[in-house]
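No value in this document is a laboratory result; all are computed from the given coordinates. Here the structure is a predicted model, which means the values were calculated and not measured. For neighbour counting, all protein chains shown are included, and Cβ atoms are generated from backbone atoms with ideal geometry for every residue, glycine included.
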Amino acid sequence: MGNALVRAALDAGAPVTLITAAEPPAPDPQLQVVRVETAQQMGDAVRASVVGARILIMAAAVADYRPASVSPEKIKKRDGTWVLELEPTVDILAALRDAPYRDALLVVGFAAETSDLLENALAKLRHKGIDLIVLNDVSRSDIAMGADHNEVTIIDRDGVVAVIERTTKDAVAAGILRVIRSHL
């Protein structure tokens, strides 16, 4: 979905900075790609890139959790089970809530949900202090992650503003950008 949003923004003539751990779309003179591997790197790159920007779209996080400790060497196989302790990564969207440049920035987040879809998306929108949230039902195999199609509900602080029925991710991205433009 992220790459579809990049293509739609480029097609609309916008300069785009893509911060990604995934494979980016084809090179374009209006596209700057920043490669990251960790949530900390992504957070740092977002903070560095949004100053002076008008819109921030956060289509996905690198990871919500990371290992609490990392072994400096190979862990040898042994009998028994292993327990992996995880700790939360930085919440990039929530961290931007009080940034000095925040008022000049339209912030759009995504909510990948499997239950209580609208309630969870609204709670995320309010908790993170963002302007719009794009709700994905990731419990379905025919849309969202790993699929060629998507179907989304776009919500602002007042409630649902648009529903984009199942279609290609490129068409969904174009629809999301239309809603974003209407909120500028």
Query raised in the report: List the trypsin sites (Lys or Arg not before Pro) in the range 22-117 that DSSP assigns to loop (not H, G, I, E or B) and whose Cβ has at most 12 other Cβ atoms within 10 Å. Which are they?
Result: Arg54, Lys74, Lys76, Lys77, Arg78
Requested in this report: Tell me the label-point distance for the pair Tyr101, Arg166, using the 7 Å Cα-to-Cβ offset, in nm and rounded to one decimal.
Outcome: 4.0 nm
Query raised in the report: For Cα extents along the principal axes in Å, the choices are (i) 96, 28, 22; (ii) 58, 35, 34; (iii) 48, 45, 29; which was calculated from the structure?
Result: (ii)
Query raised in the report: Which cross-chain or sequence-distant (5 or more) residues have an amide H under 5 Å from the amide H of Leu105, H modelled 1.01 Å from N in plane?
Result: none
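Grab the DSSP H runs of the chain that are 4 residues or longer, score each as -39,500 (n - 2.57), total them, divide by all residues and round the 222 nm result to the nearest 500 deg cm²/dmol. Don't jump to the answer; show the numbers that get you there.
Working: 5 runs with 54 residues, N = 184.
One gets -9000 deg cm²/dmol as the mean residue ellipticity at 222 nm.
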**Report entry** Angle in degrees between helix 2-11 and the longest Cα principal axis of the chain, rounded to the nearest 10
**Finding:** 30 degrees
Query - Per-residue ³J(HN,Hα) for the range 92-106, Karplus 6.51 cos²θ - 1.76 cosθ + 1.60, θ = phi - 60°, Hz, x for Gly and Pro - result: 4, 4, 5, 5, 7, 3, 9, 5, x, 8, 4, 5, 8, 10, 8
Report summary line: Counting sequence-distant residues (5 or more places) and residues on other chains, those with an amide H built under 5 Å from that of Ala63 are Ala39
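Size of the dipole of the chain about the Cα centre, Lys and Arg at +1 and Asp and Glu at -1 on the beta carbon, nothing else charged, in debye to 20?
Values: 20 positive and 25 negative charges, 76 e Å.
It comes to approximately 360 debye.
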Report summary line: The ³J(HN,Hα) series, computed from each phi in the range 163-178 with the Karplus coefficients 6.51, -1.76 and 1.60 at θ = phi - 60°, rounded to the nearest Hz and given as x for glycine or proline, is 10, 10, 5, 3, 7, 5, 4, 5, 5, 4, 4, 4, x, 4, 5, 4
Report summary line: Helix 117-128: inclination vs the chain longest Cα principal axis, degrees, rounded to 10, gives 90 degrees
Report summary line: Tilt, helix 39-50 to longest principal axis of the chain (alpha-carbon atoms), in degrees rounded to tens, equals 30 degrees
Query raised in the report: Over the chain, what is the mean sequence separation of C-alpha contacts under 8 Å (at least six apart), divided by residue count, expressed as relative contact order in percent?
Result: 18 percent
**Report entry** Added length on full extension, which subtracts the Cα-Cα distance from 0.36 nm per residue, Glu37 to His183
**Finding:** 49.4 nm
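Which residues make up the longest stretch of the chain clear of GluC sites (Glu not before Pro) that lie in a DSSP loop with no more than 12 other Cβ atoms within 10 Å, not counting the sites?
Here the longest run is 86-184.
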